[in-house]
Amino acid sequence: MKIYGHFRAANGAAFYGEFGQHDSTVRALRQAPWLGIAYAEAPPHTLADLAIDVPVAPRSLLAVGRNYAEHAKELGNEPPPFPLTWLKSPGSLLAHNGVIELPFPEHVVHYEAELAVILGRTAKNVRAAEAADYIFGYAIALDISDRNLQTAEGQFYRSKSFDGFTPFGPYLYVPEAGDFDPGNLAVQLKQNGELRQDGNTRDMIFKPADVLEFSTKGTTLIPGDVLITGTPAGVGPIKDGDVLEARIGPFAPLVARVKNA
């Protein structure tokens, strides 16, 4: 598989990069990888010398709710008859090892580990059978959710869009020669070292292809836009001092810490 990320060098310069196939070097790119792979004329960097930044910069950050039957059940909801979608603020994105700040520490705020899909082509009126042609790659996301606000306000945007409420990364993964199957990946989350979520993407009610068909009917998504695909059962509350670690399939783990704002 190909692995891409967004990095910051010691001098503050930020760039997208591609991992070497057999070592821990990073080759700088001229542009975001979903726009086409174009290498910069510069020597490779050593990963240990770089800070890891958010690897995406979407115009639209689209989320799917209640996309695993057991998760819908644990929150007292019926599985939806069609994809339950909404937009999260791209400003909620948080880099690997970042800190989730809780603006309302007295509220019930949940973690949700999710597979993220990054688009590589402009998509409008996409049919599910064609959807794979529009997907650039995959990553790990956390959808942090203030349940008090979600319930009281009757909509999802604000309760899930506070700064830092979408930890993302650390990297983007592009499968090659079937080295991983996005439709059959373990989705796990540990809270302070304790396993809380242990699901699999095969249990999604609506596959990413179905969601793309539903979401692009009359609506345009562009390269770099992101879809986060819902969470399996096992969600639970977070609090000041927690350490969250999400894992999906063969991807490097995504870590986030929690503190009160």
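Read-outs: derived from the displayed coordinates by stated rules, not from any lab. Nothing here was measured: the structure is a model prediction, and the numbers come from that model. Neighbour counts run over all protein chains shown; Cβ positions are idealised from the backbone, glycine included.
Prolate is the label for segment 49-98, because a/c, from the alpha-carbon gyration tensor with a ≥ b ≥ c as root eigenvalues, is 1.5 or above and a/b exceeds b/c.
For segment 61-260, calculate the relative contact order in percent as a whole number, restricting contacts to Cα pairs under 8 Å that are 6 or more residues apart. Numbers along the way, then the final one.
Numbers: 507 pairs, mean separation 69.8, N = 200.
Contact order relative to length: 35 percent.
If you count Lys pairs in the chain whose Cα atoms are under 25 Å apart, skipping same-chain pairs closer than 8 places in sequence, the total is 25. Cβ-Cβ distance of LYS124 and ILE37, R₀ of 30 Å, FRET efficiency by 1/(1 + (r/R0)^6): the value works out to about 0.80. Using a/c under 1.5 as the rounded threshold, could you call the chain rounded, prolate or oblate? The axes a ≥ b ≥ c are square roots of the C-alpha gyration tensor eigenvalues, and prolate needs a/b larger than b/c, oblate otherwise. Oblate.
Using a simple spin-label model with pseudo-atoms 7 Å out from Cα toward Cβ, THR46 and ASN192 lie 3.7 nm apart. For segment 38-86, what relative contact order do you get, as a whole percent, if you take Cα pairs closer than 8 Å and at least 6 residues apart? This gives 31 percent for segment 38-86. In segment 2-53, Cα pairs under 8 Å separated by at least six residues give a relative contact order of 36 percent.
For segment 98-190, applying the loop criterion from DSSP together with a ceiling of 15 other beta carbons within 10 Å to the GluC sites (Glu not before Pro) yields GLU106, GLU176. Calculate, for ASN200 and ALA10, the FRET efficiency according to 1/(1 + (r/R0)^6) with r their C-beta to C-beta distance and R0 41 Å; round to the nearest 0.05. Once the sixth-power term is evaluated, E becomes 0.55. Counted by neighbouring Cβ atoms within 10 Å, the residues GLU194, GLU245, GLU70 run from fewest to most as GLU194, GLU70, GLU245. Taking 0.36 nm per residue of sequence separation and removing the Cα-Cα distance, the VAL99/ARG158 pair yields an extension gain of 19.4 nm. Among LYS124, LYS207, the ranking by other beta carbons within 10 Å of each residue's beta carbon, starting with the fewest, stands as LYS124, LYS207. Once a ≥ b ≥ c are taken as the square roots of the eigenvalues of the Cα gyration tensor of segment 46-131, is the result rounded (a/c under 1.5), prolate (a/b larger than b/c) or oblate (a/b not larger than b/c)? Oblate is the answer for segment 46-131, as a/c is 1.5 or above yet b/c matches or exceeds a/b.
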